[in-house]
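Everything below concerns the one structure shown next.
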């Protein structure tokens, strides 16, 4: 296998980018409240729902940084 096509190891920036969504949904005291509500949905619920697609964005960014283009993965 060509050494140019192997994925790189995660650096500090990639680890931080992957940790942001985890911290955002796991530190409940930050968002354990009802207001502001969005379309009648309490903040607690829509905050968690917003992070579902945002987590995918963060993962895609790290993927593009770590896996070289043309590797087939």
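Only the coordinates and a few stated rules stand behind these numbers; no lab work does. Remember, it's a predicted structure, so these values are computed and weren't measured experimentally. Neighbour counts are summed over all protein chains in view; Cβ atoms, including those assigned to glycine, are modelled from backbone coordinates with ideal geometry.
So here's what we get for this one:
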| quantity | calculated |
| --- | --- |
| Entry for mean projected area of the Cα convex hull in nm² (calculated from the structure that is shown) out of (i) 6.2; (ii) 5.7; (iii) 4.1 | (i) |
| Tilt relative to the chain, helix 12-26 - C-alpha long axis, 0 to 90 degrees, to 10 | 30 degrees |
| The chain: angle of helix 43-66 to the longest principal axis, Cα-based, in degrees nearest 10 | 10 degrees |
| Listed residues 39, 31, 58, most fluctuating in the chain (Gaussian network, C-alpha, under 10 Å) | 39 |
| Separation of the residue 15 and residue 32 label points, Cα + 7 Å toward Cβ, nm | 2.9 nm |
| Fluctuation leader among 16, 59, 41 - the chain, Gaussian network, Cα springs under 10 angstrom | 41 |
| Estimated 222 nm signal from helices in the chain, with DSSP H stretches of n ≥ 4 weighted -39500 (n - 2.57), rounded to 500 | -18500 deg cm²/dmol |
| Förster radius 35 Å - calculated FRET efficiency between residue 69 and residue 22 (Cβ-Cβ, nearest 0.05) | 0.85 |
